[in-house]
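Here is the structure we will look at.
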Amino acid sequence: MRVDKFLHDMNVGTRTQIRKLTRDGQISVNGEAVKSGRVKIDPDQDEVQLSGEVVQYQKHFYFIVNKPIGVLTATEDRKQKTVMELFNKNDRRPDLFPVGRLDKNTEGLLLITNNGEIGHRLLSPEHHVDKVYEATVTGQISEGAAAKFANGLTLKDGTQLKPAGLKVKEYSNLEKTTTVEVTISEGKYHQVRRMFGALGERVLRLRRVKFGPLELDVGLLPGHYRALTDEEIVNLENL
């Protein structure tokens, strides 16, 4: 890999900035200053330094975002704010993308990465990766609804769903709403909302709290994000 591409991939700066840093002798490889970005390196073997500081090589990047309501799950949009705009300039990269979708009015855990293989694995129907949601639903959801979910609901349009999990957590007599937890292994369009629609109810609030081995931090506020831990990355790669 060319050293200028290495530095650009590591978000050191723009290509123009990297050329200037190179001309100014600020870039070194294995302790020797280089004057050209065309110098070839092995990222796994050679040590690259910027102004005396080692630049660590990282091929794949992973972030958990707590997506807020009103933000699009997209890499770009001309009219509306996207999840990529939640990133600061040091972490935002052109090759990052959201794995799967949360609709505009759904909040919670969203994985952002540049690892296409992991993204495909998480979304592939063959792997049946569980997604867990917390929802506030109109009406009083009975325990009998859990059996319907477990048997596989049929939506109003005739779509047959795979078995899903439903836990009734709390009913508010004042609000006439029920807080539930739903576990699905599919990702059909507005699936959770349509599932309760099949029961004659509406979802008032929907938040994803788990996606495969990943879990939303209690302290990670809507609109904020963090990098995955080494343990979380290993768990993803072991799917």
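The values are calculated or read from the model by the stated rules, or taken from the named source; none is laboratory data. This one's a predicted model, so the numbers in the text were calculated from it and none came from an experiment. As a convention, Cβ positions derive from the backbone with ideal geometry for all residues, glycine included, and neighbour counts pool all protein chains shown. Ligands, DNA and RNA are stripped out before the accessible areas are found, and what is left, the full protein with its side chains, is counted by its heavy atoms. Shrake-Rupley method; radii C 1.70, N 1.55, O 1.52, S 1.80 Å.
When we measure straight from the Cα of Lys169, which lysines land under 26 angstrom away, once same-chain ones fewer than 8 places off are left out?
Within the straight-line cut-off, Lys169 pairs with Lys67, Lys104, Lys131, Lys148, Lys156, Lys188, Lys210.
Heavy atoms only, probe 1.4 Å: what % of the accessible area of the chain goes to carbon and sulfur, would you let me know?
46
Taking a probe of 1.4 Å, how large is the accessible area per residue of the chain, in Å²?
57
Okay, helix-only estimate at 222 nm for the chain: each DSSP H run of n ≥ 4 adds -39500 (n - 2.57), divide by all residues, round to 500 deg cm²/dmol; what do you get?
-5000 deg cm²/dmol
What's the center-to-center distance, using Cα atoms, between the stretch 1-42 and the stretch 205-219 in Å?
One Cα centre to the other: 39 Å.
Just to verify a number: FRET efficiency for Ala227 and Tyr171, C-beta to C-beta distance, R0 = 35 Å, to 0.05?
Efficiency, from the Cβ-Cβ distance: 0.35.
For an R0 of 35 angstrom, estimate the FRET efficiency from the Cβ-Cβ distance between Asn11 and Tyr189 and round to the nearest 0.05.
Step by step, r from the Cβ atoms, then E = 0.50.
Give, as ranges by residue number, the residues of the stretch 201-239 whose backbone N falls under 14 Å from the point 7 Å along Cα→Cβ of Lys59.
Under 14 Å, as judged by backbone N against the label point of Lys59, lie 237 of the stretch 201-239.
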